[in-house]
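Here the structure is laid out as structure tokens; the discussion comes afterwards.
The values are calculated or read from the model by the stated rules, or taken from the named source; none is laboratory data. Note that the coordinates shown come from a computational prediction; the quantities given were computed from them, not determined experimentally. For neighbour counting, all protein chains shown are included, and Cβ atoms are generated from backbone atoms with ideal geometry for every residue, glycine included.
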Amino acid sequence: MSMRPETPAHLWDACEAAKKTRAAIDGLNLDDYLADWIRQSAVERQLEIVGEALGRIRRDDPATAARIPDIHAIIATRNVIVHRYDDVDHVRVWSMLNQDIPNLIPVLDSLLAEFGPPTI
């Protein structure tokens, strides 16, 4: 089964944004993160991009989406950040940054390696 032509671009966007979330929290602990609204805002923006890109893959390329672990939870987190900003659980976001995102990045890298770089 072949990937849709726009899928590599969405994978690349999600992967780059995921890597930026990790860079943004490098060297921090939970207390540092909770005390830094600027870093929280930066991370949330990158999670919005991750979730939006994965949402597009889920909508347009279900076969590839099925290969991405926790895709539904990541998209759901994006939806909370965008639509229910007052309900964002920063401790849950921290957990995602330290558990889900590090597991997601190699999957996205692997899919990109398999299907090649974005062409659009």
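Below is a table of values for the structure above.
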item: Options Val91, Val107, Val82: the member that is β-branched (Val, Ile, Thr), at pLDDT below 95, assigned to a helix (DSSP H, G or I) and over 16 Å from Gln46 (Cα atoms); result: Val91
item: Complete set of residues in the stretch 82-119 that are within 15 Å of Trp37 (Cα to Cα) and among the β-branched types (Val, Ile, Thr); result: Val88, Val91, Val93
item: Residue within the stretch 3-25 that is modelled with pLDDT under 95, of a type in the set (Val, Ile, Thr), surrounded by 13 or more Cβ atoms within 10 Å (Cβ to Cβ) and on the phi < 0 side of the Ramachandran plot present; result: yes
item: Where Asp31 falls short, out of the listed (1) farther than 17 Å from Phe115 by Cα; (2) without any contact (Cβ under 8 Å) to a residue 60 or more places away in the chain; (3) under 15 Å from the mean Cα position of the chain (by Cα); result: (3)
item: Residues being without any contact (Cβ under 8 Å) to a residue 40 or more places away in the chain, more than 20 Å from Pro102 (Cβ to Cβ) and of a type in the set (S, T, N, Q) - total across the stretch 34-67; result: 1
item: Residue match in the stretch 87-100 (condition: in contact with a helix residue (DSSP H, G or I) (Cβ under 8 Å, 6 or more places away or on another chain), of a type in the set (A, V, I, L, M), over 19 Å from Leu28 (Cα atoms) and without any contact (Cβ under 8 Å) to a residue 60 or more places away in the chain); result: yes
item: Val80 vs. criteria without any contact (Cβ under 8 Å) to a residue 12 or more places away in the chain, farther than 19 Å from Gly116 by Cα and surrounded by 17 or more Cβ atoms within 10 Å (Cβ to Cβ); result: yes
item: In the stretch 65-77, the residues that are at pLDDT below 95 and buried (at least 18 other Cβ atoms within 10 Å of the Cβ); result: Ile71, Ile74, Ile75, Thr77
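Conditions tested, residue by residue: (1) under 16 Å from Ile105 (Cβ atoms); (2) not in a helix (DSSP H, G or I); (3) not basic (Lys, Arg).
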position: Thr21; (1), (2), (3): yes, no, yes
position: Asp26; (1), (2), (3): yes, yes, yes
position: Tyr33; (1), (2), (3): no, no, yes
position: Arg39; (1), (2), (3): no, no, no
position: Leu47; (1), (2), (3): yes, no, yes
position: Val50; (1), (2), (3): yes, no, yes
position: Ala53; (1), (2), (3): yes, no, yes
position: Arg56; (1), (2), (3): no, no, no
position: Arg59; (1), (2), (3): no, no, no
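The rows are residues; the columns are (1) farther than 20 Å from Ile81 by Cα; (2) of a type in the set (Lys, Arg).
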| position | (1), (2) |
| --- | --- |
| Lys20 | no, yes |
| Ala24 | no, no |
| Gln40 | no, no |
| Glu48 | no, no |
| Pro62 | yes, no |
